[in-house]
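A.B. asks: This structure is in structure tokens; I'll ask about it shortly.
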């Protein structure tokens, strides 16, 4: 943590120092060509807020969500693709749920390109991860 503070590599420390809000960080993540992905982010977060309490840990290019441990990560992967990482084991994969290699920050990811893709299946999978993380 000290190294991150000195090198300013942890956005959460920078947020605290500058008095930024989470929305300020999201504005920085979703600027320019990635701005079109913000509605996907907002739809995912709107669903997750209904689960209960959790911590939002903004990073440089994404947001990590934690309870006792991380349960999800979300942010733009490219200018046209949003990624939702889900940290849970033993989910049944399909064409949208992509299993990640061992040692990855999340066990699965879902690639989204429009808010309508944030459906009940996606929300249920994140909720399972949320419940097991806490």
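The values are calculated or read from the model by the stated rules, or taken from the named source; none is laboratory data. Because the structure is a prediction, the values reported are computed rather than measured. In this analysis, Cβ positions are derived from the backbone assuming ideal geometry, glycine residues included, and neighbour counts consider all displayed protein chains.
A.B. asks: Can you report the number of residues in region 71-97 which are farther than 22 Å from residue 25 by Cα and surrounded by 14 or more Cβ atoms within 10 Å (Cβ to Cβ)? Give the derivation first.
C.D. replies: Looking only at region 71-97, we keep the residues that are farther than 22 Å from residue 25 by Cα, and these are 87-97.
Next cut, surrounded by 14 or more Cβ atoms within 10 Å (Cβ to Cβ) only: 87-88, 91, 96-97.
Residues that pass the stated criteria total 5.
A.B. asks: To continue, here is another question. Would you pick out the residues in region 102-118 that are surrounded by fewer than 12 Cβ atoms within 10 Å (Cβ to Cβ) and closer than 21 Å to residue 76 by Cβ?
C.D. replies: Kept after step one, since they are surrounded by fewer than 12 Cβ atoms within 10 Å (Cβ to Cβ), are these residues of region 102-118: 102-103, 116.
Answer for region 102-118, where residues must be surrounded by fewer than 12 Cβ atoms within 10 Å (Cβ to Cβ) and closer than 21 Å to residue 76 by Cβ: just 116.
A.B. asks: List the helices (runs of 4 or more DSSP H) that sit entirely inside region 1-71 and contain at least 3 residues that are over 17 Å from residue 85 (Cα atoms) and modelled with pLDDT of 75 or more.
C.D. replies: On the way: elements: 2-7, 11-18, 22-29, 38-49.
Passing ranges, in order: 22-29.
A.B. asks: Where in region 77-116 are there strands (runs of 3 or more DSSP E), lying wholly inside it, with at least 3 residues that are at pLDDT 95 or above?
C.D. replies: Working: elements: 82-86, 97-99, 108-112.
Output list reads 82-86, 108-112.
A.B. asks: Go over the candidates 32, 75, 103 one by one and state the one that is within 15 Å of the chain's Cα centre (by Cα) and without any contact (Cβ under 8 Å) to a residue 60 or more places away in the chain. Explain how you work it out, then say what you get.
C.D. replies: On the way: 32 fails: within 15 Å of the chain's Cα centre (by Cα); 103 fails: within 15 Å of the chain's Cα centre (by Cα).
Matching residue, one of 32, 75, 103: 75.
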